[in-house]
1. I need the GluC sites (Glu not before Pro) found in segment 31-119, filtered to DSSP loop residues with at most 16 other beta carbons within 10 Å of theirs.
2. What are the extents of the Cα atoms of the chain along their three principal axes, in Å, largest first?
3. If you take the beta carbon distance between Leu64 and Leu108 as r and set R0 to 35 Å, what does 1/(1 + (r/R0)^6) give as a FRET efficiency, to the nearest 0.05?
4. Dipole size in debye (nearest 20) for the chain around its Cα centre, Lys and Arg Cβ +1, Asp and Glu Cβ -1?
5. For segment 64-87, list residues with backbone N below 19 Å from a point placed 7 Å from the Cα of Glu37 toward its Cβ?
6. Label segment 4-80 by shape, choosing from rounded, prolate and oblate, from the square roots a ≥ b ≥ c of the eigenvalues of the Cα gyration tensor; if a/c is under 1.5 it is rounded, and otherwise prolate applies when a/b is larger than b/c, oblate when it is not.
Amino acid sequence: MSDLLERLRGRGWRMTAQRRVVAEVLDGDHVHLTADEVHARAVRKLPEISRATVYNALGELVSLGEVAEVSTDGRAKRYDPNAHHPHQHLICTGCGLIRDVHPAGDPLAGLPDGERFGFTVAEVEVTYRGLCPTCAA
């Protein structure tokens with residue numbers, strides 16, 4: 001499970017009822033919700049929360065580096081609360097389901113020195129694509 005709520009409390013993020021609900025909706029493993037999905041789930045917990053409030057809270061969380069935006073093949077942006085836990089993504093090309101994966105080994109090992117063109121590589125993103133069991137059936 002992600003530790004989003006604990007991280008936000010530790011940073012002193014002002015935890016209004018609306019912000020708390022957005023953080024609660026996002027907290028967990030394999031959570032990659034769109035803003036509209038966050039809003040729909042937040043409304044179930046706090047019926048008066050507005051779409052604008054959800055979008056504002058998501059923007060703040062991304063700016064703080066506490067939530068990562070995940071964009072996949074022109075689909076709506078998704079929000080990943082596991083921004084502080086190194087991982088890659090496995091994405092279903094059928095339905096868009098996203099799962100966090102933790103491959104073994106150093107992802108930079110696959111990039112030979114001759115292919116780095118003098119870059120000092122700071123970050124590696126690997127995305128695995130395929131069909132989930134439901135779409136493959």
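1. Glu48
2. Taking max minus min along each principal axis of the Cα atoms, the chain gives 55, 42, 25 Å.
3. 0.85
4. Values: 16 positive and 19 negative charges, 123 e Å.
Dipole about the Cα centre, nearest 20: 600 debye.
5. 66-85, 87
6. Oblate, because a/c is 1.5 or more while a/b does not exceed b/c.
None of the figures in this text is laboratory data; all of them are computed from the coordinates on show. Bear in mind that the values here come from a model prediction, so they are computed numbers and not experimental data. We place every Cβ from the backbone using ideal geometry, glycine too, and count neighbours over all the protein chains shown.
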